[in-house]
1. When you check Val71 against the structure, is it modelled with pLDDT under 90 and among the β-branched types (Val, Ile, Thr), yes or no?
2. Quick check, is Arg60 in a helix (DSSP H, G or I) and under 16 Å from the mean Cα position of the chain (by Cα)?
3. Restricting attention to region 14-30, report how many residues are exposed (fewer than 15 other Cβ atoms within 10 Å of the Cβ) and not in a helix (DSSP H, G or I).
4. Condition check: in the same structural domain as Ala11 (by TED's automatic domain parsing) and within 19 Å of Asn152 (Cβ to Cβ). Does Ala53 satisfy that?
Amino acid sequence: MPYYLDAHHDAHLWQLFLDGEKAAFATLYQRYYPPLYRYGLKLAKDPERVQEAIQEIFSRLWNNRLQGQAVTSVRAYLYTALRRTLARSYGRFWREVHWEEGTHGEPSLELSPEDLTIEEESYRLKRDRLLAVINSLPSRQREAIYLKFYENLTHDEIAAVMDVNTQSITNLVYRAMHTLRKSETLKRLQSSVFLLLVLLLHS
């Protein structure tokens, strides 16, 4: 892969890919495979099926590149494609096996300690307590928090992935943050919830 491609913005890489540039396509694949795989495991918890879904997405992209589909956000496009590909893969069993009861058809995404990688003992304690509170949130709020703070998607991008409008995402994030701020567990940590999220998710 030519070294200069790695620094290109997604939009430029996407256009190069549409023009048939294999190196640009490879760069997009290498850039997005890890986060797509992480996100897929949150939704499906089946490594082989997630890998197959990602392969299917990129194979379909390359085979259909001549159609020249323009996208506003490459990230949102790929996350949305993965979500839909997994749902199609499971068919009617997607709701029964992998969707949490009582969430009205929303995937049950749960954060794990591996998502919040930190070293110091005091921060490990904060991580574990924060995880417990986050995982007690409704599924839609958990997914919005994950995509916003861990995958760094904008509200518009999250809305595209979750197939709702941007205001709905703003509301989900607001309600989640409100719940976290009101949590007695987190109050005892004597730290800003926002700073905890940023610190723990990106350390």
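1. Here the answer is yes, as Val71 does meet what is asked.
2. Numbers: in a helix (DSSP H, G or I): yes; under 16 Å from the mean Cα position of the chain (by Cα): no.
No: the conditions fail for Arg60.
3. Adding up the residues that qualify gives 2.
4. On the way: in the same structural domain as Ala11 (by TED's automatic domain parsing): yes; within 19 Å of Asn152 (Cβ to Cβ): no.
Here the answer is no, as Ala53 does not meet what is asked.
The values are calculated or read from the model by the stated rules, or taken from the named source; none is laboratory data. Every value quoted in this text rests on a predicted model; they were computed, and no experiment measured them. Every residue, glycine as well, gets a Cβ built from its backbone with ideal geometry; the counts of neighbours run over all protein chains shown.
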